[in-house]
2 protein chains.
Amino acid sequence: MANRSDTKTRILDAAEKLFAERGFSETSLRLITSKAEVNLASVNYHFGSKKELIRAVLARYLDVFMPAAADAIVAVRSADANASLDDIFSTLVNPLLELNKLRAEGTTTFLQLLGRGYIESQGHLRWFITTHYGKYLSLFVKAVSESTPHIPPAEMFWRLHFTLGTVVFTMASADALTEIAEADFGEHNDIEAVIRKVIPYLSAGVSVPVNKDAN
Amino acid sequence: MANRSDTKTRILDAAEKLFAERGFSETSLRLITSKAEVNLASVNYHFGSKKELIRAVLARYLDVFMPAAADAIVAVRSADANASLDDIFSTLVNPLLELNKLRAEGTTTFLQLLGRGYIESQGHLRWFITTHYGKYLSLFVKAVSESTPHIPPAEMFWRLHFTLGTVVFTMASADALTEIAEADFGEHNDIEAVIRKVIPYLSAGVSVPVNKDAN
DNA sequence: GTTTAATTTAAACGAGTGTTTAAATTGAAT
DNA sequence: ATTCAATTTAAACACTCGTTTAAATTAAAC
């Protein structure tokens, strides 16, 4: 046993779990390698550095999710050229849930990693995502913008970042929130339930008419 | 010169700026004390520990903002018992902008600190805020809930956390976002403009009717 | 002016970090 | 069986971190 890819995978599996739970900078390589039951130095041997390990962890999900999500959006829009904003957002649900087939808790882990990434990273991760997956992001922005033509581009810029904040923050603390919700209201929510709760919230916010005479 | 409170204030001023910019764990005491031009050990002498310094930095804003915001909300609701959700959110704008009179860039700094706090803290800050300012938070939640009676409590729990995520994330990266917006769309936004952009977004999301037959 | 307390200072401590090194081990090809 | 490259291993390196210590300095009280 223990062929080449085994150690690499053990590291990735342990790292993604810990990164999602506690964030990147709060997770040491020693903690990762002890959970993975591999030697400390093997991280630098297989990945070169901690930064590259972080990128590899994210890439393993993004390489699956991004094309699937793009395909789904293209399909929906060619089936219905006037797909609503809610339709566009809802289209992302299936590609997200498909990640559970990739690995156990895949959807939650991916969303939490995404959240940690956007929250923590100053530069290297943002750069990595926009340069490697920029064309997908453009497609998403285009689909959203064209489904809500009454929102001017500058306003849409802000609203999409509001949306990113909502998703990222919610997912980074999703575990804690579902626990509180269960304790306080007795309703159990899995990750799909949370996603389906957030979509109407986002759709309403992004598409609300701009009040010209504000202030 | 350099009497007792001078050193303390120099530390707080330097710390809040750096904490807001780079986050708590990414800001070392050595960086703070060098910017403040005080000795490294004076942080532990005056504040006891880094954690207590973080709390002191936040308390300096919360002690001003929380009572002012609570008063404003009470005033609005007694003037108009049917104040809308938008009214409630808008009521917070003035207390926020008043922080600019406390210190230069006070509003931005406070909101960014709040964002960093909710993003980074695992326990001690959440505990500090809820135990010291819990009664104000309850008042806010009550005001929001009663302005949107068609949203059941469990759903409101989630939507308020979505809202928290939007605000916190937007503010933590507000500087970067205003720069991009200026470069890409040529429109300059100060902190007040961003606040006034986010309020309609939040109001629409929080108050959107619940779709019973979702899924 | 002397005493006493408060504050500032330089230095070190101990623990933790990512990374590198060089030797040991493994697996496959000859 | 031997060679050779790939991989794993234990150890050390160089650095940063928050915190503590004990001496030096400053300010206040008597």
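Brief remarks follow.
- Selection within segment A:14-49 - away from every other protein chain (no Cβ under 14 Å), surrounded by fewer than 16 Cβ atoms within 10 Å (Cβ to Cβ) and more than 10 Å from DNA strand D (Cβ to nearest atom): A:LEU31, A:SER34, A:GLY48, A:SER49
- Any hit, segment A:123-138, residues being within 22 Å of A:ARG55 (Cβ to Cβ), among the charged types (D, E, K, R) and at the interface with another protein chain (Cβ under 10 Å from one of its Cβ atoms): yes
- Long-range neighbours under 6 Å by Cβ, at least six apart or interchain, first residue free of Cβ contacts under 8 Å to residues at least 60 places away in the same chain and within 14 Å of B:VAL38 (Cβ to Cβ) within segment B:12-26, second open to solvent by 20 Å² or more (accessible area, probe 1.4 Å) and part of a helix (DSSP H, G or I): B:ALA14/B:LYS35
- Of the helices (runs of 4 or more DSSP H) entirely within segment B:1-61, those holding at least 1 residues that are away from DNA strand C (no atom under 12 Å from the Cβ) occupy B:4-22, B:29-36.
- Total residues in segment A:125-136, condition aliphatic (A, V, I, L, M) and modelled with pLDDT of 95 or more: 0
- Of all residues making up segment A:173-194, the number that are open to solvent by 10 Å² or more (accessible area, probe 1.4 Å) and in contact with a Phe, Trp or Tyr (Cβ under 9 Å, 6 or more places away or on another chain): 5
- Qualifying residue in segment B:53-73 (condition: of a type outside the set (A, V, I, L, M) and within 16 Å of DNA strand D (Cβ to nearest atom)): yes
- Flag: B:LEU137 matches the condition of being open to solvent by 40 Å² or more (accessible area, probe 1.4 Å) and of a type in the set (A, V, I, L, M).
The values are calculated or read from the model by the stated rules, or taken from the named source; none is laboratory data. Everything numeric here is computed off the predicted structure, so don't read it as measured data. FYI the Cβ positions are ideal-geometry reconstructions off the backbone, even for glycines, and counts take in every protein chain you see. Just so you know, the surface numbers come from the protein's heavy atoms only, side chains and all, with ligands and any DNA or RNA stripped out. Shrake-Rupley method; radii C 1.70, N 1.55, O 1.52, S 1.80 Å.
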